[in-house]
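The values are calculated or read from the model by the stated rules, or taken from the named source; none is laboratory data. Here the structure is a predicted model, which is why all the values come from computation and not from measurement. Neighbour counts run over all protein chains shown; Cβ positions are idealised from the backbone, glycine included. For accessibility, only protein heavy atoms count, side chains too; no ligands or nucleic acids. Shrake-Rupley method; radii C 1.70, N 1.55, O 1.52, S 1.80 Å.
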Amino acid sequence: MRRPWKTWQKAGFWAITILIACGLLGSSVLGLWGLGSLDQPEVPGPTPALDDFARSVRQLEKQVQDNPGDVQSRIHLAAIYRNMMDYERSIQLFEEVLALEADNQRVRLDLAEMYLQLGEHEQAIGQLEALLEINPGHHRALYLYGIALGFGREDYPEAIRALERFLALVGSGSEADHARTLIQEWKTGQR
């Protein structure tokens with residue numbers, strides 16, 4: 001025996017589905033033909049903040065180009081490129097800064113961190129060794145130096161010495177915990 005209520009439910013469901021589909025399809029077609037509402041807003045362009053950022057980067061690039069000895073502008077522009085993950089341009093600018101100020105610790109550390117991120121351990125080690133000559137007690141440089149020696153050169157005895165020097169200066173914190181873990185692994189031959 002048929003149930004009239006179920007039949008009406010199915011018919012109503014399909015009728016509503018067809019009406020919704022026609023409405024969506026119709027408005028899409030009218031929109032494509034340009035027959036939609038005349039007061040529709042235009043599609044917005046880039047946000048003003050992005051325009052302002054791009055403009056400030058271009059101005060900074062011009063300032064760097066016009067002032068070859070302007071170290072601070074180079075550092076600022078290199079940091080912007082690093083944040084944009086344009087490491088090639090950032091490294092180039094940081095290297096230019098080091099040509100002007102070979103003892104700039106912040107730039108050497110930034111370069112070492114980028115080189116480590118890129119897996120270029122030897123370049124990182126070179127920057128860290130130069131930094132540690134300038135400042136033998138630089139905490140972060142000792143930590144990164146130990147990591148670069150261990151993972152890059154697999155020179156575990158030297159890496160352990162660098163991390164132990166780091167721990168003697170710092171003592172606690174997440175990097176100190178990581179350094180202790182690495183020392184333990186490298187001393188027991190695990191990796």
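Can you tell me which residue among Leu50, Leu30, Leu77 is of a type outside the set (Gly, Ala, Ser), surrounded by 12 or more Cβ atoms within 10 Å (Cβ to Cβ), at pLDDT 65 or above and assigned to a helix (DSSP H, G or I)?
Leu77
Six or more apart or on different chains, Cβ under 7 Å: which pairs go from a residue in segment 166-191 that's over 23 Å from Leu132 (Cα atoms) to one that's surrounded by 11 or more Cβ atoms within 10 Å (Cβ to Cβ) and of a type outside the set (A, V, I, L, M, F, W, C)? Could you list them?
Arg191/Glu185
Mind listing whichever residues of segment 89-101 are touching a residue at least 24 places away in the same chain (Cβ under 8 Å), among the aliphatic types (A, V, I, L, M) and open to solvent by 30 Å² or more (accessible area, probe 1.4 Å)?
If the condition is that a residue be touching a residue at least 24 places away in the same chain (Cβ under 8 Å), among the aliphatic types (A, V, I, L, M) and open to solvent by 30 Å² or more (accessible area, probe 1.4 Å), then Leu100 is the only one that fits.
Kindly indicate which of Ser56, Ser90 is part of a helix (DSSP H, G or I) and modelled with pLDDT of 90 or more.
From the options Ser56, Ser90, the qualifying one is Ser90.
How many residues does segment 120-136 hold that are open to solvent by 30 Å² or more (accessible area, probe 1.4 Å) and more than 12 Å from Gln105 (Cα to Cα)?
Within segment 120-136, residues that are open to solvent by 30 Å² or more (accessible area, probe 1.4 Å) and more than 12 Å from Gln105 (Cα to Cα) number 5.
Residue by residue through segment 116-129, note down the ones that are without any contact (Cβ under 8 Å) to a residue 24 or more places away in the chain and in a helix (DSSP H, G or I).
Within segment 116-129, Gln123, Gly126, Gln127, Leu128, Glu129 qualify.
For segment 138-191, which positions are in a helix (DSSP H, G or I) and basic (Lys, Arg)?
Arg140, Arg153, Arg161, Arg165, Arg180, Lys187
Taking the stated definitions as given, is Asp86 surrounded by fewer than 17 Cβ atoms within 10 Å (Cβ to Cβ), over 30 Å from Leu50 (Cα atoms) and either among the charged types (D, E, K, R) or touching a residue at least 60 places away in the same chain (Cβ under 8 Å) (or both)?
When the stated conditions are applied, Asp86 does not pass them.
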